[in-house]
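Have a look at the structure below, then the notes.
The values are calculated or read from the model by the stated rules, or taken from the named source; none is laboratory data. Everything numeric here is computed off the predicted structure, so don't read it as measured data. Don't worry about glycine lacking a Cβ; one is built from the backbone with ideal geometry, like all the others, and counts go over all protein chains shown. We work out accessible area using only protein heavy atoms, side chains counted, and drop any ligands, DNA or RNA first. Shrake-Rupley method; radii C 1.70, N 1.55, O 1.52, S 1.80 Å.
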Amino acid sequence: MDEMLRCFAENGYAVVEGALSPEEVAAINDGIDADVAAHPKEWEPGPRPGHVAVGCRAPELMHRTEALDGLVHHPSVASLVHRILGAGVQFSSLSFLRREVCAADPPEDIDGGDPICLSRQWHREYNGIVEGADRNAFFAPAIQVIYYLDDVDAGSHCTSLIPESAETKRQLPKTREGKSGWGEGVLRIDDGETAYVDPDKPIWTDSFGRTNPRRIGRVDVHAPAGSAVMFNIASYHCGTVRQTQRIRRTAHLMYRQPDPIFSRHALGPDWESVAAFRAALPKRSAIG
């Protein structure tokens, strides 16, 4: 555990391979397949330009199926989450995502030498909110855990991150001005136009015509099914979309302290507080 915590402090993320057993992975995928068959309208593709991704989120999904219950406090990551965020940390979000096959052509301007990369939409979660991050040694306002439910390698969609230490985050420019969409006047990192931008080729247009800053220094997280990628939500990350004939299924969970309640980071758009989100969950003991 100490090595994982050191990695998280120095890089803003850690990868737990073998977090889920093959049997757990199969049970989750089978459970989701059953829910898709029973509720097809709930799994219609969303409006993602250029490629297809489908998903559902809690609490509605967890009322329909118990397939994801065991992830909420899974022992492979629960102790790490508690060590990073401290006593009182609570589960605050869950979603399941399936990125479909994609046959689009890569852009002429290849990003970072990846010949089958189609898109990377880099972001700090919740517009870089760090309200409450100073309450722990890792400067983490919240943690996201992404469970890989398929094998992920250089030929498939993957999660990508830019390593960034807790100390670096403390020193970055901050602001409380402007609307973040996740709370009024909350503290957030203010470096969207400059962070990790390639000085020689600062702009990249992806396969779907979207133009964004070209960010460098990434790590593409390739790992077998059952792995958990846990990261500080204030770190730059994205889903790397590739030209591929393989789907990638993932479960995304978030954890944070219940305070500060005026900041809605690590919550879905329908919830004003962690307490409100938790009250809407099914009352099964596995959710706690």
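Condition test on Arg264, is it at pLDDT below 95, over 18 Å from Thr159 (Cβ atoms), open to solvent by 30 Å² or more (accessible area, probe 1.4 Å) and not in a loop (DSSP other than H, G, I, E, B)? So Arg264 fails the test. Residue by residue through region 106-131, note down the ones that are over 24 Å from Gly55 (Cα atoms) and either open to solvent by 30 Å² or more (accessible area, probe 1.4 Å) or of a type in the set (Phe, Trp, Tyr) (or both). Listed by number, the residues that qualify are Pro106, Glu108, Asp109, Ile110, Gly112, Gly113, Pro115.
The conditions of being touching a strand residue (DSSP E or B) at 6+ places or on another chain (Cβ under 9 Å) and open to solvent by less than 10 Å² (accessible area, probe 1.4 Å) are met by Phe96. Being aliphatic (A, V, I, L, M), touching a Ser or Thr at 6+ places or on another chain (Cβ under 7 Å) and either over 23 Å from Asn11 (Cα atoms) or open to solvent by 10 Å² or more (accessible area, probe 1.4 Å) (or both) holds for only one residue in Val101, Val89, and it is Val101.
To keep it simple, each residue is scored yes or no on (1) under 30 Å from Ile216 (Cβ atoms); (2) at pLDDT 95 or above; (3) not aliphatic (A, V, I, L, M).
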position	(1), (2), (3)
Gly12	yes, yes, yes
Leu20	no, yes, no
Thr65	no, yes, yes
His74	no, yes, yes
Glu108	yes, no, yes
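Within region 202-211, can one find any residue that is under 19 Å from Ala14 (Cβ atoms) and more than 17 Å from the chain's Cα centre (by Cα)? Among the residues of region 202-211, not one is under 19 Å from Ala14 (Cβ atoms) and more than 17 Å from the chain's Cα centre (by Cα), which makes the answer no.
Take Leu61 and decide whether it is open to solvent by less than 10 Å² (accessible area, probe 1.4 Å), more than 17 Å from the chain's Cα centre (by Cα) and aliphatic (A, V, I, L, M). Walk me through how you get there before you give the answer.
On the way: open to solvent by less than 10 Å² (accessible area, probe 1.4 Å): yes; more than 17 Å from the chain's Cα centre (by Cα): yes; aliphatic (A, V, I, L, M): yes.
Judged against the criteria, Leu61 is a match.
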